[in-house]
1. Here are the criteria: (1) away from the ligand (no atom under 16 Å from the Cβ); (2) among the small types (Gly, Ala, Ser); (3) in contact with an Asp or Glu (Cβ under 7 Å, 6 or more places away or on another chain). Tell me which single one Ser117 does not satisfy.
2. Looking at the range 290-311 only, could you name the residues that are aliphatic (A, V, I, L, M) and buried (at least 16 other Cβ atoms within 10 Å of the Cβ)?
3. Looking only at the range 81-118, which residues are touching a residue at least 40 places away in the same chain (Cβ under 8 Å) and part of a helix (DSSP H, G or I)?
4. Please determine whether any residue of the range 262-270 is out of contact with any His (no Cβ under 6 Å at 6 or more places or on another chain), at positive phi and either surrounded by fewer than 23 Cβ atoms within 10 Å (Cβ to Cβ) or of a type outside the set (Lys, Arg) (or both).
5. Where in the range 1-78 are the strands (runs of 3 or more DSSP E), entirely inside, with at least 2 residues that are surrounded by fewer than 24 Cβ atoms within 10 Å (Cβ to Cβ)?
6. For the range 52-62, which positions are touching a strand residue (DSSP E or B) at 6+ places or on another chain (Cβ under 8 Å) and at pLDDT 95 or above?
7. Can you tell me which of Val268, Val257, Val295, Val281 is touching a residue at least 12 places away in the same chain (Cβ under 8 Å), out of contact with any Lys or Arg (no Cβ under 8 Å at 6 or more places or on another chain) and more than 18 Å from Leu11 (Cβ to Cβ)?
8. Taking the condition of being under 16 Å from the mean Cα position of the chain (by Cα) and either within 10 Å of the ligand (Cβ to nearest atom) or farther than 20 Å from Leu17 by Cβ (or both), how many residues in the range 73-95 meet it?
Amino acid sequence: MAQLTVHAPGLDLPNPLMLASGLQGGSVSALERVAKSRCGGLVSKSIGPSPREIYPGPVCVEAMNGVILNAMGLPNPGVDAFSKMLANNEFAKPMLVSIFGPDSESFSNIAIKMEKSGATALELNLSCPHSKPGSTALIVGQQPNLIHEYVSAVKDVVNIPVYAKLTPNTASIAIEAGAALNAGADGISLINTVSALEIDPFAGRPIIGNLLCGMSGPTIRPIAQRKIAEVALAMRRGDIPVAPILGMGGITTGLDVARFIMLGATAVQIGSALIYDDIDVFETIEKELNDFMDVQGFRDLESMRGIALDSLEGLN
Ligand SMILES: Cc1cc2nc3c(=O)[nH]c(=O)nc-3n(C[C@H](O)[C@H](O)[C@H](O)COP(=O)(O)O)c2cc1C
């Protein structure tokens, strides 16, 4: 059996398969249930400054084979309720607490409360693609100066590791990754959902209640892979600081995980696959990854990490 352990800031994982933010991570019972699966680590639902209700439906649909569209509206219990929950519970797996807010001050206030309540690492959601047009939340992930400001604000006030979660909806993701890392981020998570819109031709209007939505699931995997490669190559070239990449977007099999690791990811996160197969996916994917590594002669993740980048060197 291959050695699957991962060591990254704040994350000592038995295997590289983490739960992605937004799927089953908003309550203690949901997180505990996922922690009991074969996942290697958890990411909570994104938690904001105050409780938020879900948007009017439909909020999440499979619009075509392999195409998940969602605009949930970041429903969450709010930082005060979630910090209480953190303070009173220990989870069986390492967890990134995902946070978001309307401005850098809000991010840092939430970060302080989470650290006090026992969070061991944070993921900053800088990348929600279905916020209202004109809102800062929609564009923060596309503005390197705002990314730098938000990450610095959080790094200034906490001592725990901070991962910046980036949007793929940008021309050159290495620039945004560089902004986050130069501001002190300990790692990069990517990708959040791809900006999307779908129309019901019979109703003559969008199918998602919020109108705008984000796309995830198997069809976005090649997009995610390209974004991860761009960031990993920029690290190799020395254009941006080297740091762990948590890769996600469309992973459903052990071979997909191998693809992400070969592009330089340290670990991966799995979201939409749980909509199809619930938490058993972790066991299936872990087994597939193990089988693949055994047959191909990879004894650990390190021996596989980044090998696909060799053939991409020289590309920008
Ligand atoms: C229903 C749903 C809710 C999500 N909620 C969040 C969220 O609260 N915070 C966040 O950072 N990402 C959220 N995401 C994005 C996922 O964490 C992930 O980045 C994206 O879906 C790509 O991975 P996947 O194709 O494996 O789902 C959500 C995705 C889905 C499908």
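1. Exception for Ser117: condition (3).
2. So the first thing to find is which residues in the range 290-311 are aliphatic (A, V, I, L, M), and the list is 293, 295, 301, 304, 307-309.
Result: Met293, Leu301, Met304, Ala308, Leu309.
3. Within the range 81-118, Met85, Ser104, Glu105, Ser106, Phe107, Ser108, Asn109, Ile110, Ala111, Ile112, Met114, Glu115 meet the criteria.
4. Filtering the range 262-270 down to residues out of contact with any His (no Cβ under 6 Å at 6 or more places or on another chain) leaves 262-270.
Filter again for at positive phi, leaving 264.
Applying the additional criterion that residues be either surrounded by fewer than 23 Cβ atoms within 10 Å (Cβ to Cβ) or of a type outside the set (Lys, Arg) (or both) yields 264.
Yes; the residues of the range 262-270 include at least one that is out of contact with any His (no Cβ under 6 Å at 6 or more places or on another chain), at positive phi and either surrounded by fewer than 23 Cβ atoms within 10 Å (Cβ to Cβ) or of a type outside the set (Lys, Arg) (or both).
5. Passing ranges, in order: 6-8, 11-13, 60-64.
6. Filtering the range 52-62 for residues touching a strand residue (DSSP E or B) at 6+ places or on another chain (Cβ under 8 Å) gives 52, 59-62.
Correct list: Val59, Cys60, Val61, Glu62.
7. Exactly one of Val268, Val257, Val295, Val281 is touching a residue at least 12 places away in the same chain (Cβ under 8 Å), out of contact with any Lys or Arg (no Cβ under 8 Å at 6 or more places or on another chain) and more than 18 Å from Leu11 (Cβ to Cβ), namely Val281.
8. Residues of the range 73-95 under 16 Å from the mean Cα position of the chain (by Cα): 74, 94-95.
Next, from what is left, pick out any that are either within 10 Å of the ligand (Cβ to nearest atom) or farther than 20 Å from Leu17 by Cβ (or both): 74.
Going through the range 73-95 one residue at a time, the tally reaches 1.
The values are calculated or read from the model by the stated rules, or taken from the named source; none is laboratory data. Keep in mind that this is a model prediction, so the values were computed, not measured. Note that each Cβ is placed from the backbone with ideal geometry, even for glycine, and that neighbours are counted across all protein chains shown.
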